[in-house]
Each structure stands twice: as structure tokens, then as C-alpha cells.
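Chemist: One structure, pasted below without further comment.
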2 protein chains.
Amino acid sequence: MAWTQARRALGMNPSVIREILKISAKPGIISFAGGWPSAATFPLEAFEESCAAVLRDDGRAALQYSASEGFEPLREMVAASLPWQVNPADVLITTGSQQALDLLGKILIDEGSRVLVETPTYLGALQAFAPMEPDIVGVNSDADGIDVRDFASKADGARFLYALPNFQNPTGRTMSEARRRDLVARAQDTGVPIVEDNPYGDLWFDVPPPAPLTARNPEGCVYLGSFSKVLAPGLRLGYLVAPREIFPKLLHAKQASDLHTPNFNQRVVARLMESGFLERHIPSIRALYKAQRDTMLAALQREMARLDVTWNEPAGGMFLWVRLPSGMDAGRLLPHAVDNGVAFVAGSPFFSNAPDPATMRLSFVTASVEQIDVGIAALAKTIREHQGAK
Amino acid sequence: MAWTQARRALGMNPSVIREILKISAKPGIISFAGGWPSAATFPLEAFEESCAAVLRDDGRAALQYSASEGFEPLREMVAASLPWQVNPADVLITTGSQQALDLLGKILIDEGSRVLVETPTYLGALQAFAPMEPDIVGVNSDADGIDVRDFASKADGARFLYALPNFQNPTGRTMSEARRRDLVARAQDTGVPIVEDNPYGDLWFDVPPPAPLTARNPEGCVYLGSFSKVLAPGLRLGYLVAPREIFPKLLHAKQASDLHTPNFNQRVVARLMESGFLERHIPSIRALYKAQRDTMLAALQREMARLDVTWNEPAGGMFLWVRLPSGMDAGRLLPHAVDNGVAFVAGSPFFSNAPDPATMRLSFVTASVEQIDVGIAALAKTIREHQGAK
């Protein structure tokens, strides 16, 4: 048969992370690779109660088709949970926030459209946008986030800037208050909309991060949120908040993509939110992840301070960012690390251009504190073994 | 702000069905409009037991991220349930079969690509393909399905034919054995792949429909199935079976779209399938829908035989297809029908070209038998009131 593929399909290739997750699924490997929440935080009992209650109280409605916009009480609770004035009518429930990226790509990106991203940026966003064939342009970024002057110099004709200001994936960094203020002002000056992705914002350790970009200019931003990190990713439940100007097109793209997000899942989570469960639950995730971050920082200090390796100290989220001695290549190191029983993700695939091969992303939430100590020691051993060979 | 939309967004408009569902959601309206399964068939108890069992036995895995391909045991059971030799590795679990249409559009349709569809065809497929800007070409069709000669005359350069051979949406018709044999042979001759959509195939009333097109030529077909009509649409659970040649691209598109279909939902349904629940459950849906079809046919005969209205007698599924006296316009009749307490979907939006304004789709599964009698009488009254005005 003649299966002629679309041109856009030529650029679709297996995700690097997918491949690495296969490696790190080998028995006995301690994995710092995946961005998987700690399964210890999943509230099994509360979830079972909520499932049963939804089925008993309104089960037939929960299992039926429903509105593409999402379950009305959930939209209302999402709107009420956000730190600026949000109308529930502007909330669209999505099948994970990954779907929000797909929908935005569909309605905002033409072939060759300029899309600005951080350096480095979330790989899943690059994958979601890729089928629409954008011209991805990386904006310089440092430990405080996006370099606003570089942003302005690249703003001309850009369809939007994609930014993840809180505990970013992959670096774990957080955009400072001053940077946020400057960025939003410059985006308004240049007329460039911002897509703000905030899956990790609730996972702060000591103090909450500064206010979202969207709170400062709701008409010029789309905001993406998720229940994956505060409840459970296996539900595939996220949302977006969009200005009226583009909401109807996003809704239509949503309907064409999967009709609606599973109604049952929406109602189960709405029930949990109604009971105030999240307010009690999220602090326990923060405490756990903070302890695991501290363990990893201590292990890095103990094992790698003398190896010319550097790392940052994220104030929340799931990841930290490591730079190997310059000249060393994290991608080439990986198979040797796996031989020594530990996996990570090399940083290069997260760069839209000019990758820094010495970088790597470490997740501190999937492995236990005991595993973190063993895994960081194994990683240090691997680095020592290869420092001569760099 | 300057929200510049993609060109493809210009063609995205609210679905006609969406608008009609809003009308028919008015209190007191008997609706033959939506393609919604009877909520009476949803197995609440079995579902609650399955949720609890999944959470107790392997809850943390059920709530975690998982493979984009789908839950392995579910892929195996889907493969085993199909009436030809299917390798589980060729099964991709999707977020409803609507998502399968979206993924196929992404990897197979370039701007201007010729895509062949039945006349009339499933509106949701047209919506799913539209963002990729195909050139949709309608193939003549009659009560037995696709006109194979017309198909062959339009085959040149077509990326694929989209067909729904069993109890089609919107017409309820079924493609005959002879037609299937001819169509598959001609598709092989002309090298045109077939996308076979089969959400209703299990809902036969007296005898099963002929073997799927895909069973006759798996390398030249993608097959789409769904749990929405045999279990519950609120789960958003479907699947596709694709040849190795295009499976990796579909998988990649799936990953970029929503990472994976909700893992919890997949495991709950896998658990139900393992227990043999579907084999016991589906015959009860068949019996219910057959009784409702019979009620609607009898009501049509009683109320409309003298009105110069014609209809078909579907052998399964959820819909039947009505043609008003020629010259009458179903779309113009609708608001008057709603005034009389009954709603339907006009046939025109289901035609990719040359719509027949006298046609309408009636669902016989959402309303009860009592409502069907009342609703068909109200529809007949509306037609009588407007026959002079045609």
C-alpha cells in the first residue's frame, strides 16, 4: 500500500526521554531521569472514596459524554484557586497540560511562525509544537530566568513566548520578581503574547514563588496548570486559562482532538477539591520533596565538590541542574552511569539550539532518600572514571 | 496584545452538533439529536468494584505516568478481541477514538491532501481532519455503503479513504459483504489506504456485521475501536490498530498530544475485560437498543407513513436516517420541532459537499421507549404543520 506521510511527520522522532526511560527501567537502576512524581504521595484512600462517591451520587452523568469546556464545578474551583481574578468561563479543562500545548500549537502556529522559548526549555513543549512546523528561537536565560533584552531583540513577529517561570523543567530555576516585571512590560511593549506553563508552582519549599506572569496581564497570556504534580499524573488532568479573544478557537480544537477530557476523572478530582483535600495534601508533598532535595544537595556536596562539577539549589519543584567539568559530555557519560546503576537525562535535548553537552537534569523526587545517596555516589564514581577520558 | 492566529484556525468553527445539543438540553425536550449511549447501560456497580480493585492492587502504578502505547494487558486484550490476527504491539490506546482521527490527520494529511469520505460521513472526522487543511472529497454512497466505481475514479493521489462500515454515523447503514470485498480489492489496486472506524460494530441486533475491512488487508488499513458505546463514553477510551509502517509516527504524535491516555481508566477497563464482564454486558445493550429501534420504527410507521417521509431500518448501532418530503429543509424545521418538544440533527452538516437538506439523523438510544413514542408524534406534527410551507 501507499502510505504517504505528511511532511510534518518526517520531523517526528522518538523522544530522547522515552529512550532514556527505557534504559532506566532496567531492574536495579536508580533513576534520576524521569520527571515522575513520587508515587508515595498518591492519595489512594481519598481517591477510592472519591471514585465511589462520584459513582453513587451521579454515576450515570459521570460516565456519559460531557461538555468540551470541562466539568463546570471543576472550572469554578480552578478559577477560584488562582491568585488573580479568573472567570470560570475562561478555564478549559485539558487532558493533561501537554494537551494544552498541542491545542495552542494548532491555533497559533503556522509553518515557519517564530516561537520564542527559554534556554534550555521543556522538551515536551518542543514536541507538541513541532508538528505545526514553527521556527523555534531560543532566548538567552540565566539563573533568574529569561534575559529580557535578548527577548526584546527577538520579539519581532513572534507568535508567542513559551515560559515556565517556576522551578523550571529542566533546570529547576525560578524567574525572579524583577525579571517577571520586566518581561511582562517588554512583552506588552512588543505585543508578544506569553504562554505560561506552571505545573510545579505549588511545590515551593520555603516561600511561594512570585506572582504568575498571567496575573500581571491576563489578556496577553495563556496560563497552563496541572493536577499531575499535586495529585496524580495517571489521571491526565490539566487546564488552561485563555483570553476571550482565542478561547473559542482553543475550545473548538479541543473538541476536535478528543471531544472532552474524561468526565469521570474530572468529577473525582472536583470532589477531592470540594472537600479541601488539596490544601491538606500539598504541604505533605512539599515537605517530602524538600527533604529529598536536601538529601541530593548534601550528597552532591559530599561526592562531587572536588570533581569540578557544579549544580544549582532549586527552591521547589522536582529537578536540579548539574554541569559536568567542561569538555565532558553528559550524553556520552550516560551508558557508563547506567553500567554503574544510575540514570539521568542529558541536558542537550532541552536546548532549541547551541546545546551545552556538559549539562544534565537530575530529578530528586522519584528515588527515595536512601537511593539518592547511593545513586549520587555511583554518578560521582562514573565521573571520576571518565575525567581522564574527557 | 497581538494574538496572531494560525491560518488553520480560521476554518475552525463551532460544531453544528454542539449548537444543537445546547438547544436540546432545554428542559422538557425529547432529544433524538445526540449520539449519546443510553445511560441506563452504564455498569455502575461493576465499575465501582473495578476502580476499588485497581487502587488496592496496584494503585500507585495506576496513578503514575505510563507508556504512550497504552497499558500492556489492555493492548493484549484488545488484540485478542478482534476477529483477525492482531499483534498487541500494533495496538495504540487513544483518548477516545476521536483522538485516533486527530493523530491520523497529523501524520497523513498535508495542506491540500486529498482525503476520501463517504456521503454523508461522520462530522467529528471532518472536524478532526480540518486543522490539517485536507481537500475532502465525498464518494457516492448508497444503502449498501460506498460506491466502489466512484471510489476508484477519485482514488488518484488520495492519502486515504475514511469509512465507517457498521451502522454508520449518521445514516445507520451497514456496508454489505459484496461491497466490502470489492472495496478492499479496489483499494489495493489503486494503492489507497483505508481508515476504518468501528465504534458501533458490537451493537448488532440479529446477526453480526460482515468482517471488518482491516481483517481483509491489515497492511493497508488502520482500524479504530472504542469503549464508548459498549461501556461508557465518559472514560474517553479508544484504540487504533496500525501497520508497522506508520505505527511509530502515530505513537510519537500520541506522545506529543497528551503523553498517554489516563492510566487509571485503562486499568479499570482492563480489569473489567479480564473478568469477562463485556461478554455478559454487551448482549444487554443489544437487546435494549433493538427494542428502542423497533419502537421508533413502529412510531415512524404509525405517524409518518402518510406524510411522504422515508427512513431506513438499521441492523444495529444508534441511528436511523430519515428523508423528509422533497423540498422540505430539516434545518429550517428544527426550531419548530424544538417548539413542539423534540430535537434531531439535520443531515446537511454530515455531507462534505452537495448536502441533502431533506435528511435528518435520529438517535433511537438516548430517549426511552415512552419518550420515543411522544417524540416521533411531535415530530410528525411539526412536519404536518410545515408541509404546506415547504
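The values are calculated or read from the model by the stated rules, or taken from the named source; none is laboratory data. No experiment lies behind these values; they were computed from the predicted model shown. Cβ placement follows ideal geometry from the backbone for every residue including glycine, while neighbour counts extend to all protein chains displayed.
Chemist: Would you point out the residue of segment A:22-39, among those that are facing chain B (nearest Cβ under 9 Å) and either under 28 Å from B:LEU103 (Cα atoms) or out of contact with any helix residue (DSSP H, G or I) (no Cβ under 7 Å at 6 or more places or on another chain) (or both), that is modelled with the lowest pLDDT?
Modeler: The qualifying residue modelled with the lowest pLDDT is A:GLY34.
Chemist: Answer yes if at least one residue in segment B:321-330 is free of Cβ contacts under 8 Å to residues at least 40 places away in the same chain, within 14 Å of B:LEU300 (Cβ to Cβ), surrounded by 17 or more Cβ atoms within 10 Å (Cβ to Cβ) and within 25 Å of the chain's Cα centre (by Cα), and no otherwise.
Modeler: Checked segment B:321-330: at least one residue is free of Cβ contacts under 8 Å to residues at least 40 places away in the same chain, within 14 Å of B:LEU300 (Cβ to Cβ), surrounded by 17 or more Cβ atoms within 10 Å (Cβ to Cβ) and within 25 Å of the chain's Cα centre (by Cα).
Chemist: Mind telling me which of the residues B:PRO208, B:PRO212 ends up being more than 13 Å from chain A (Cβ to nearest Cβ) and without any contact (Cβ under 8 Å) to a residue 12 or more places away in the chain?
Modeler: Selected residue: B:PRO208, the only one of B:PRO208, B:PRO212 that is more than 13 Å from chain A (Cβ to nearest Cβ) and without any contact (Cβ under 8 Å) to a residue 12 or more places away in the chain.
Chemist: Next question. Which residues, counting only those in segment B:259-282, are part of a loop (DSSP other than H, G, I, E, B) and farther than 13 Å from B:SER81 by Cβ?
Modeler: Within segment B:259-282, B:LEU259, B:HIS260, B:THR261, B:PRO262, B:SER275 qualify.
Chemist: What residue, among those in segment A:352-370 that are of a type in the set (S, T, N, Q) and buried (at least 18 other Cβ atoms within 10 Å of the Cβ), is nearest to A:PRO27 (Cα to Cα)?
Modeler: A:THR366
Chemist: Within segment B:91-179, which strands (runs of 3 or more DSSP E) (wholly inside it) include 1 or more residues that are free of Cβ contacts under 8 Å to residues at least 24 places away in the same chain, in the same structural domain as B:ALA215 (by TED's automatic domain parsing) and in contact with a strand residue (DSSP E or B) (Cβ under 9 Å, 6 or more places away or on another chain)? Before you say what the answer is, go through the steps one by one.
Modeler: Numbers: elements: B:91-94, B:114-118, B:135-139, B:158-163.
In segment B:91-179, B:135-139 are the strands (runs of 3 or more DSSP E) which contain 1 or more residues that are free of Cβ contacts under 8 Å to residues at least 24 places away in the same chain, in the same structural domain as B:ALA215 (by TED's automatic domain parsing) and in contact with a strand residue (DSSP E or B) (Cβ under 9 Å, 6 or more places away or on another chain).
Chemist: Another question, if that's okay. Criterion first (outside any strand (DSSP E or B) and not polar (S, T, N, Q)) does A:LEU320 satisfy it? Can you show your working first?
Modeler: Details: outside any strand (DSSP E or B): no; not polar (S, T, N, Q): yes.
Spelling it out, it is not the case that A:LEU320 is outside any strand (DSSP E or B) and not polar (S, T, N, Q).
Chemist: Continuing with the same structure: Output the residues belonging to segment B:95-105 that are farther than 14 Å from B:PRO131 by Cα and more than 9 Å from chain A (Cβ to nearest Cβ).
Modeler: Within segment B:95-105, B:SER97, B:ALA100 meet the criteria.
Chemist: Name every residue in segment A:196-220 that is assigned to a helix (DSSP H, G or I) and either acidic (Asp, Glu) or in contact with a Cys (Cβ under 9 Å, 6 or more places away or on another chain) (or both), in order of residue number.
Modeler: Within segment A:196-220, A:LEU213, A:THR214, A:ALA215, A:GLU219 meet the criteria.
Chemist: Among the listed residues A:LEU92, A:LEU108, which satisfies the condition of being buried (at least 24 other Cβ atoms within 10 Å of the Cβ), more than 10 Å from chain B (Cβ to nearest Cβ), at pLDDT 95 or above and in contact with a Lys or Arg (Cβ under 7 Å, 6 or more places away or on another chain)?
Modeler: Checking each option against the conditions leaves just A:LEU92.
Chemist: Still on this structure, I have one more. Please verify whether segment B:275-283 includes one or more residues that are more than 9 Å from chain A (Cβ to nearest Cβ), of a type in the set (S, T, N, Q) and in contact with a helix residue (DSSP H, G or I) (Cβ under 7 Å, 6 or more places away or on another chain). Working first, answer last.
Modeler: If we filter segment B:275-283 for residues that are more than 9 Å from chain A (Cβ to nearest Cβ), which is where we start, we get B:275-283.
Filter again for of a type in the set (S, T, N, Q), leaving B:275.
The next check asks that each one be in contact with a helix residue (DSSP H, G or I) (Cβ under 7 Å, 6 or more places away or on another chain); those that pass are none.
The answer is no; no qualifying residue exists.
Chemist: When you go through A:ILE93, A:ILE136 one by one, which is the residue that is over 21 Å from A:LEU259 (Cβ atoms) and among the hydrophobic types (A, V, I, L, M, F, W, C)?
Modeler: Values: A:ILE93 fails: over 21 Å from A:LEU259 (Cβ atoms).
A:ILE136 is the lone residue from the list that is over 21 Å from A:LEU259 (Cβ atoms) and among the hydrophobic types (A, V, I, L, M, F, W, C).
Chemist: Do we find a residue being in a strand (DSSP E or B), crowded, with 21+ Cβ neighbours inside 10 Å and modelled with pLDDT of 95 or more anywhere in segment B:186-195?
Modeler: yes
Chemist: Same structure again: Of everything in segment B:172-185, what is surrounded by fewer than 16 Cβ atoms within 10 Å (Cβ to Cβ) and within 14 Å of chain A (Cβ to nearest Cβ)? Give them in sequence order.
Modeler: Across segment B:172-185, the qualifying residue is only B:ALA185.
Chemist: Just to be sure before I move on: is B:SER50 outside the structural domain of B:ARG149 (by TED's automatic domain parsing), of a type in the set (Ser, Thr, Tyr) and part of a helix (DSSP H, G or I) in the structure I sent? Step through it out loud before you land on a result.
Modeler: Numbers: outside the structural domain of B:ARG149 (by TED's automatic domain parsing): yes; of a type in the set (Ser, Thr, Tyr): yes; part of a helix (DSSP H, G or I): yes.
It is true that B:SER50 is outside the structural domain of B:ARG149 (by TED's automatic domain parsing), of a type in the set (Ser, Thr, Tyr) and part of a helix (DSSP H, G or I).
Chemist: Applying the selection to segment A:213-228, what residues are more than 13 Å from the chain's Cα centre (by Cα) and either buried (at least 24 other Cβ atoms within 10 Å of the Cβ) or at positive phi (or both)?
Modeler: A:LEU213, A:THR214, A:CYS221, A:VAL222
Chemist: From the set of residues in segment A:59-69 that are touching a residue at least 40 places away in the same chain (Cβ under 8 Å) and of a type outside the set (A, V, I, L, M), which is farthest from the other protein chains (Cβ to nearest Cβ)?
Modeler: Top of the filtered list is A:GLU69.
Chemist: Still on this model: In segment B:230-258, how many residues are surrounded by fewer than 24 Cβ atoms within 10 Å (Cβ to Cβ), in contact (Cβ under 8 Å) with a residue 40 or more places away in the chain and not in a helix (DSSP H, G or I)?
Modeler: Selection size over segment B:230-258: 4.
Chemist: Answer with yes or no whether B:SER113 is out of contact with any Gly (no Cβ under 8 Å at 6 or more places or on another chain), of a type in the set (S, T, N, Q), within 14 Å of chain A (Cβ to nearest Cβ) and buried (at least 19 other Cβ atoms within 10 Å of the Cβ).
Modeler: On the way: out of contact with any Gly (no Cβ under 8 Å at 6 or more places or on another chain): yes; of a type in the set (S, T, N, Q): yes; within 14 Å of chain A (Cβ to nearest Cβ): yes; buried (at least 19 other Cβ atoms within 10 Å of the Cβ): yes.
For B:SER113, the condition - out of contact with any Gly (no Cβ under 8 Å at 6 or more places or on another chain), of a type in the set (S, T, N, Q), within 14 Å of chain A (Cβ to nearest Cβ) and buried (at least 19 other Cβ atoms within 10 Å of the Cβ) - is met.
Chemist: So, one more: Would you check which residues across segment A:70-79 are within 14 Å of chain B (Cβ to nearest Cβ) and either in contact with a strand residue (DSSP E or B) (Cβ under 6 Å, 6 or more places away or on another chain) or surrounded by 21 or more Cβ atoms within 10 Å (Cβ to Cβ) (or both) and list them?
Modeler: Of everything in segment A:70-79, those that are within 14 Å of chain B (Cβ to nearest Cβ) and either in contact with a strand residue (DSSP E or B) (Cβ under 6 Å, 6 or more places away or on another chain) or surrounded by 21 or more Cβ atoms within 10 Å (Cβ to Cβ) (or both) turn out to be A:GLY70, A:PHE71, A:LEU74.
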